[in-house]
Amino acid sequence: MRRSVAVRLSALAATGAVAAATGLAMSTAEASAGASAGTSAAVAAAGATGYATQNGGTTGGAGGQTVRATTGTAIHQALCSRASSSTPIVIQVEGTINHGNTSKVSGGSCSTADGVIELKQISNVTIVGVGNGAVFDQLGIHIRESRNIIIQNVTIRNVKKSGSPTSNGGDAIGMESGVRNVWVDHTTLEASGGESEGYDGLFDMKDNTQYVTLSYSTLRNSGRGGLIGSSESDTSNGYVTFHHNLYENIDSRTPLLRGGIAHIYNNHYKSLNESGINSRAGARAKVDNNYFEDSKDVLGTFYTDAAGYWQVSGNIFDNVTWSEREGDHNPAGPNPTSNTSVSIPYAFTPDAASCVPSVVSQTAGANKGLKVSDGSCTPQTPDPTEPDPTEPDPTDPDPTDPPSGTNLSLGAGADGSSKADGTSYGNVRDGSMSTYWSPAGSTGSVSVKWGTATTVSKVTIREAAGAEGAIRSYRVVNHDTGAVLASGSGAGVIGFSATSLKKITFEITGSSGTPRIAEFETYAS
């Protein structure tokens, strides 16, 4: 951490210590059913945005029981009291949540731990700050092997990985291991220094985390804003949207992208001290209508020779300095130009970059009344409507209506999320029913890919002998954009609108026994 940043943070650290002490006396109540929402915290107002709307959408606990919690233990108790780990629930939080009031709770519908808000192996949960606000003080939120999660209108501050107390590996919000569909909205994520002061990232994703949106949030006073992918080989993450966020007084990683696709628009970047958006290891970032101010090297590939890519348009660079390109330090500017193209599968209306500082100052962060912008540069308070995303219509595989033409998979490339011992991704496109791919567990994904865009409208999934019927539910995904082309159950022929793409993914989301895919055939018609 640079010395100048640490000095600026000293006053903030003192203020945080006073607030934490006050919060210990406040946080005594347990969860209770049927509590009313705070006046400025309508649950999931206006619905999810960005990539969180894809892959079936993100609704959190909509339609489930609403409970009130003022301690971390109460949050865990609410999760553990559900009928199952997927029973929808909305947890309204008020007060200060800290180590002193956050303990492990056991139950069949949860897997919790002391000293962290643990959202592990669960789904359909909303955590929303209400009333006078919710502050997670030195306590992080950990999301693991979970899906359909909303976190809204909360402050998470000073989470440490070293020193005392520690929580969540030093991440304010961390996601890992097959996480799907998370919407984090109107939050304030902050630290009081960098790694040397005991802090890590504010918003981290790794180990196959996909379909995430961070919107209308403030990230500040940290050495690291956040990452997508924990190493150059962890490239199974992606389809992440960042919009209308304030990044202020951050050293680097705003964010760091390793592989995957990110859509980054209408963010205000202020005082990025060392580097900003770091696209590397084949990552592709669409960077639109952002306002970069008083910062250094705000876009590029840094600290690696594994190049990443970007598509830029409509951005404003206000007092941004650029270093010379040398070795593993490759800034995109001055005058950044696009070196890739990224197709976005959802509708969005960006604000002009010139009004981003004003819009973001009125909307980003907790306790801002959940104000949003519709592209008019004038923030509005949305109606508290419940989101209603539409799941793609399931496709009914029909082996009696086989595709025609050439199997495009023959001679193509293949990869995936995992593979069981003795199996290979390449076995799904070798034309042989005697070889197959299996995921390392009961779910996973395998992809067919080409060097140039290829039009596909049907696929045929053929299960190996002895494994027929193992695939229970699936999604077919345009890996280039993250769009779900089809979903349904069982193997066979799957049709969808003709799509031009370089990589198509078959994702097994549910199975009976161990699935074995002998062939993943692709056809133009």
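Tabulated results
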item	result
Surrounding net charge for Leu189, when Lys and Arg each add one and Asp and Glu each subtract one, Cβ distance under 10 Å	0
Spatial separation of Cα centroids for the range 414-432 and the range 269-318, in angstrom	35
Accessible-area composition of the chain, carbon plus sulfur, in percent [1.4 Å probe]	46
Student exercise, the chain dipole from Lys, Arg, Asp, Glu Cβ charges, in Debye to nearest 20	420
With at most 12 neighbouring Cβ atoms within 10 Å, loop GluC sites (Glu not before Pro) (DSSP) excluded, longest segment of the chain	1-323
Simple Cβ-charge dipole of the range 413-525, Lys/Arg +1 and Asp/Glu -1, about Cα centre, in debye nearest 20	180
Per residue value of the accessible surface for the chain (all protein chains in place, 1.4 Å probe), Å²	36
More than 17 angstrom apart: percent of Cα pairs within the range 411-452	27
Within straight-line cross-link reach of Lys371, lysines at Cα separation under 22 Å, skipping those fewer than 8 residues along the same chain	Lys270
Which listed pairs, of Lys104/Lys160; Lys206/Lys502; Lys160/Lys286; Lys419/Lys503; Lys160/Lys368, have C-alpha distances above 21 Å, in listed order	Lys206/Lys502; Lys160/Lys286; Lys160/Lys368
Orphan Cys of the chain, criterion: no other Cys C-beta under 4.7 Å	none
Gap separating the Cα centres of the range 209-259 and the range 444-498, nearest whole Å	29
Contour excess over end-to-end distance, with Cα ends at Asn319 and Ser106 and 0.36 nm allotted per residue	71.4 nm
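The values are calculated or read from the model by the stated rules, or taken from the named source; none is laboratory data. What you are looking at is a predicted structure, and each value in this text was computed from that prediction instead of being measured. A quick note on method: Cβ atoms are made from the backbone with ideal geometry, for glycine too, and the neighbour counts reach across all protein chains shown. In case anyone asks, the SASA skips ligands and DNA or RNA and just uses the protein heavy atoms, side chains included. Shrake-Rupley method; radii C 1.70, N 1.55, O 1.52, S 1.80 Å.
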